[in-house]
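As structure tokens, the structure follows; a few thoughts come after it.
Laboratory data are not the source of any read-out in this text; all were calculated from the coordinates shown. All values reported here derive from a predicted model rather than from experimental measurement. Glycine also receives a Cβ, built like all others from the backbone with ideal geometry; neighbour counts cover every protein chain displayed.
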Amino acid sequence: MLRWRGLNDVPTSWGRSVITIGVFDGVHRGHQKLIGRAVTVARDQGLPSVLVTFDPHPSEVIRPGQHPAQLTTLARRADLVAQLGVSALCVLPFTPELARMPADEFAHEVLVERLHAAVVLVGDNFTFGRGAQGDTALLRRLGQRFGFVTEGFGLITDTGEPSAITYSSTYIRSCIDSGDVALAAQALGRPHRLEGVVVRGDRRGRELGFPTANLASPQFAAVPADGIYACWFVQGQRRLAAAVSVGTNPTFSGRQRTVEAYVLDVDEDFYGHHVALDFVARLRGMERFDSMEALVEEMTRDVARTRELLLE
């Protein structure tokens, strides 16, 4: 898959293409249907497919301080999109200037002049242009003027019925925020992943017999609710079972929220490595214990439950 950052990276020789546009945070099952449709249309017409996305998230520019929790890093998004068969990924830096661009100017400069759109596929709730003035209906009219076809794509639900849960990034964030990582995985089509670099902690886990890798995640990352989780600990091509604590460690009167992974059956220092946690199940909420013995007993049960869920 070709990867471009900004329109200046698009080759001047680039021909007509089938385009889909959106933030695509999470690349969830609804996104996958839309992207899959774009790839199919492109193949049927003998054209390349281009996915256009934005970085940073538009909310960070339009409503500073209201950035939604991020389900996927940009690099993770690119990898997931590549797996779906997209020919090229075009990341548009979302700047104040882009936010002020009128909808018809966006369609002409981005879709026509630079990407040479033959077909544009978007979700039915897609908006674009200054003040979100553009919608699917306007895009269809602009397509008639500029020479491309617009196809709107309805939101995907868990059963296909209008009354069912709609797969959206907002819904998935709410699942993660409540700690229901199983429901989030159902909507994503895979476990929710939290990435980051392993940093030094207070080494209290090692003293208790459960040495942990402490994850420093990106600023806006979607971190699940406080609790204990069964996760896959991913480092490169390795996938290891881990019991993960998210929270402030109330037994030790902690104040800072941390993400600590006890990797099963591995005695290894992961300090400084970039790793990922795939959240499979929530084992319990965060609790305060009256003694170290009680805490260790519960941690032993957490590890056993993680082993049962992931390895047996």
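Given +1 at the Cβ of Lys and Arg, -1 at the Cβ of Asp and Glu and no other charges, the dipole of the chain around its Cα centre is 760 debye to the nearest 20. Stretching the chain fully between residue 12 and residue 269 yields a gain of 87.7 nm (0.36 nm per residue, less the alpha carbon separation). Spacing of the modelled spin labels on residue 66 and residue 293, each 7 Å from Cα toward Cβ, amounts to 5.4 nm. What is the extension gain from residue 312 to residue 33, computed as 0.36 nm multiplied by their sequence separation minus the C-alpha to C-alpha distance, in nm to one decimal? Taking 0.36 nm per residue and subtracting the Cα distance, the gain is 97.2 nm. Across the options 84, 261, 209, the greatest Cα extent toward the positive end of the charge dipole of the chain (unit charges at beta carbon of Lys, Arg, Asp, Glu) belongs to 84. Where both bridge residues fall in the range 2-153, DSSP classifies roughly 5% of the beta bridges as antiparallel. Calculated mean residue ellipticity, 222 nm, the chain: -8500 deg cm²/dmol, from DSSP H runs (n ≥ 4) at -39500 (n - 2.57) each, averaged per residue and rounded to 500.
Net charge near residue 273: determine it from the other residues with C-beta under 13 Å of the C-beta of residue 273, scoring Lys and Arg +1 and Asp and Glu -1. All intermediate terms of the calculation are to be shown ahead of the outcome.
On the way: positive: 200, 238; negative: 195, 268, 269.
Combined, the nearby Lys, Arg, Asp and Glu give -1.
Around the Cα centre of the range 192-310, unit charges on the Cβ atoms of Lys, Arg, Asp and Glu (plus for the first two, minus for the last two) sum to a dipole of about 320 debye. For the chain, DSSP calls about 60 percent of its internal beta bridges antiparallel.
Subtracting the Cα-Cα distance of residue 305 and residue 109 from 0.36 nm times their residue separation leaves 65.1 nm of extension gain. Across the range 21-81, the mean sequence separation of Cα contacts (distance under 8 Å, 6 or more residues apart), normalised by length, yields a relative contact order of 48 percent. The label point for residue 237 and the one for residue 178, both projected 7 Å from the Cα toward the Cβ, are 4.0 nm apart. Rounded to the nearest whole Hz, the Karplus-based 3J(HN,Hα) values (6.51 cos²θ - 1.76 cosθ + 1.60, θ = phi - 60°) of the range 290-307 follow the sequence 7, 8, 5, 4, 5, 4, 4, 4, 5, 5, 4, 5, 4, 5, 4, 5, 4, 4, with x at glycine and proline.
Can you give the net charge of the other residues whose Cβ lies under 12 Å from the Cβ of residue 229, counting K and R as +1 and D and E as -1?
Values: positive: 282, 284, 305; negative: 180, 226, 260, 278, 302.
In short, -2.
Quote the convex hull volume per residue of the chain, based on C-alpha atoms, as a whole number of Å³.
151
Please report Rg over Rh for the range 2-153, where both radii come from the alpha carbon positions and Rh follows the Kirkwood definition.
Working: Rg = 14.3 Å, Rh = 15.4 Å.
Ratio of gyration radius to Kirkwood radius for the range 2-153: 0.93.
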